[in-house]
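The values are calculated or read from the model by the stated rules, or taken from the named source; none is laboratory data. Since the structure is predicted, the reported quantities are computational estimates derived from the model, not experimental observations. Heads up, the Cβs are rebuilt from the backbone with ideal geometry, glycines too, and the neighbour counts pull from every protein chain shown.
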């Protein structure tokens, strides 16, 4: 399922559920974010966040449920001058670091929560 946040800016509660109860199949929610969404706080339903930035961009990780997986993908504009900086919740880390920064075009990372922080896979 593809979601553009701009479609729900007036009513964020209308973002679809990631579970189709009728079919009992999990759905990965893909969110595309642009410069004006920075800083973006990852949601409980997010599975993939595609960052289409033309300036430095910040992603703030929120959900620490055990086993929660989040994929973050930068597009062609990501660079040393336009990095995507990923921050865990305050007091937590990503593989022992306070920030993870993507600086290469088309770079990506898969993160998994262990309830105390985030691990890179």
| When you look at residue 54, is it modelled with pLDDT of 90 or more and touching a helix residue (DSSP H, G or I) at 6+ places or on another chain (Cβ under 7 Å), yes or no? | yes
| request: With respect to residue 70, determine if the residue is at pLDDT below 95, under 16 Å from residue 32 (Cβ atoms) and either in contact with a strand residue (DSSP E or B) (Cβ under 9 Å, 6 or more places away or on another chain) or part of a strand (DSSP E or B) (or both). | output: yes
| What number of residues within the stretch 81-102 satisfy the criterion of being within 22 Å of residue 36 (Cβ to Cβ), under 16 Å from the mean Cα position of the chain (by Cα) and either free of Cβ contacts under 8 Å to residues at least 24 places away in the same chain or in a loop (DSSP other than H, G, I, E, B) (or both)? | 3
| task | Among the residues of the stretch 106-121, write down those that are surrounded by fewer than 18 Cβ atoms within 10 Å (Cβ to Cβ) and out of contact with any strand residue (DSSP E or B) (no Cβ under 7 Å at 6 or more places or on another chain). | result | 114, 115, 116
| Considering only residues of the stretch 24-40 that are part of a strand (DSSP E or B) and loosely packed, with under 14 Cβ neighbours inside 10 Å, which is modelled with the lowest pLDDT? | 25
